[in-house]
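After the C-alpha cells below, expect a handful of questions from me.
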Amino acid sequence: MRRTSNVLAGCALAAASALSAAQTLPPPQNVLQLQASGTVEVQQDLLQMNLSTARDGTDPAAVQTQLKNALDAALAEARKTAQPGQLDVRTGNFALYPRHNREGRISGWSGTAELILEGRDFPRITQAAGRIQSMTLAGVSFGLSREQRARVEGEAQTQAIERFKAKAAELARGFGFAGYTLREVAVNANEPGFSPRMRTMAAQEGKLSSADAVPVEPGKSTVMVTVSGSVQLR
C-alpha cells in the first residue's frame, strides 16, 4: 500500500514539475502565421439525372401500389443498360402523405417516387432516361467522379504547398531573417458537390418519347486546397 502511495506521489510531483516548467517557458517569438491556396478548374465528368413521379388517390394502399409499379417499370428499363461507374441506378425518395380538408380531416393521399441515374457515360444515361416512360425528369446535376476529384486535389495540393513555402520564404526575408522552419501545418480541401442545371424543355413539357435523349452540357468545377500553419523565422 505504501509503495502504491509513493508511486502516485511521484507521478503527481512529475506532473506538477512539467506544468511549472511549461508555465515558466517564454512565449514563442518570431513565429509567423500564414496560409496559401491552390486552385484547379476541371471539366465535370459525372452526371446525375433525377426522375420522379407523383400519384394521388383516396386509398393509400392503391396510391402506394401505383408508385411501386411506376418505380419497378423505371428500374427495369434503366437496368438494361446499367454498368458500374458508367450508369449506376438507385432509388431515391419514396414518400406517401395525407391531404387534409378545411376541417382538418384526411381527404386523400399523395405520394412521390424517385429514381436516380448517375455515372460518367453521359449518352448512356441520357438515353436510358429518355426510354423511361413511367417517370418524368425532375433535375439534372453535374459533378466530379472520385477519380477525377482525387487527381485534381493532388494538383491543387501541390500548388498550395509550393505557394505556402514561397510565401514563407518571402516573408522571412522581408522581416530580415535568413529562412524558416515549419512549426505546424494543416491541409484542407473543399468538396465540390453536384451543380444543378436548369431542366430541359422536354422535362418541363411532360414525358419524353422513347426516341429522346435528354440534351445535357456539363460545366466545370473548381477544386481548392488550402495550406495553413505557422513557421519559425530563423
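Residue-wise test of (1) modelled with pLDDT of 55 or more; (2) surrounded by fewer than 10 Cβ atoms within 10 Å (Cβ to Cβ); (3) touching a Cys at 6+ places or on another chain (Cβ under 6 Å).
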| position | (1), (2), (3) |
| --- | --- |
| Arg2 | no, yes, no |
| Ala9 | no, no, no |
| Pro26 | yes, yes, no |
| Ala36 | yes, no, no |
| Val40 | yes, no, no |
| Gln43 | yes, no, no |
| Met49 | yes, no, no |
| Asp56 | yes, no, no |
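Of the conditions (1) loosely packed, with under 12 Cβ neighbours inside 10 Å; (2) touching a Lys or Arg at 6+ places or on another chain (Cβ under 7 Å), Leu87 clears all except one; give me its number.
The number of the failed condition is (1).
Out of everything in the stretch 114-148 that is among the small types (Gly, Ala, Ser) and in a strand (DSSP E or B), what residue ends up being farthest from Pro192 (Cα to Cα)?
Going residue by residue through the stretch 114-148, those that are among the small types (Gly, Ala, Ser) are 119, 128-130, 134, 138-139, 141, 143, 145.
From what's left, in a strand (DSSP E or B): 119, 138-139, 141, 143.
Numbers: Gly119: 16, Ala138: 22, Gly139: 18, Ser141: 12, Gly143: 7 Å.
It comes out as Ala138.
Exactly one of (1) at pLDDT 95 or above; (2) among the acidic types (Asp, Glu); (3) more than 30 Å from Val225 (Cα to Cα) is unmet by Asp88. Its number?
(3)
Residues that are of a type in the set (Gly, Ala, Ser), farther than 20 Å from Gln35 by Cβ and in contact with a Lys or Arg (Cβ under 7 Å, 6 or more places away or on another chain): does the stretch 182-194 have at least one?
Restricting attention to the stretch 182-194, the residues satisfying the condition of being of a type in the set (Gly, Ala, Ser) are 186, 189, 193.
Now restrict to residues that are farther than 20 Å from Gln35 by Cβ: 193.
Retained after the next criterion (residues that are in contact with a Lys or Arg (Cβ under 7 Å, 6 or more places away or on another chain)): none.
Within the stretch 182-194, not a single residue is of a type in the set (Gly, Ala, Ser), farther than 20 Å from Gln35 by Cβ and in contact with a Lys or Arg (Cβ under 7 Å, 6 or more places away or on another chain).
Out of Gly111, Gly104, Gly85, Gly92, report the one residue that is in a loop (DSSP other than H, G, I, E, B) and either at negative phi or within 19 Å of the chain's Cα centre (by Cα) (or both). First the steps, then the outcome.
Numbers: Gly111 fails: in a loop (DSSP other than H, G, I, E, B); Gly104 fails: either at negative phi or within 19 Å of the chain's Cα centre (by Cα) (or both); Gly92 fails: in a loop (DSSP other than H, G, I, E, B).
Only one candidate passes the filter, namely Gly85.
Kindly evaluate Phe142 against the criterion of being aromatic (Phe, Trp, Tyr), surrounded by 14 or more Cβ atoms within 10 Å (Cβ to Cβ), farther than 30 Å from Pro28 by Cα and at pLDDT below 90. Please lay out each step first, then the result.
On the way: aromatic (Phe, Trp, Tyr): yes; surrounded by 14 or more Cβ atoms within 10 Å (Cβ to Cβ): yes; farther than 30 Å from Pro28 by Cα: yes; at pLDDT below 90: no.
In short, no.
Check Glu205, Glu170 and return the single one that is more than 20 Å from Leu46 (Cα to Cα) and modelled with pLDDT of 95 or more. Reasoning before the result, please.
On the way: Glu205 fails: modelled with pLDDT of 95 or more.
Matching residue, one of Glu205, Glu170: Glu170.
The values are calculated or read from the model by the stated rules, or taken from the named source; none is laboratory data. Just so you know, these numbers come straight off a predicted model, no measurement behind them. Cβ atoms come from the backbone with ideal geometry, glycine included; neighbour counts cover every protein chain shown.
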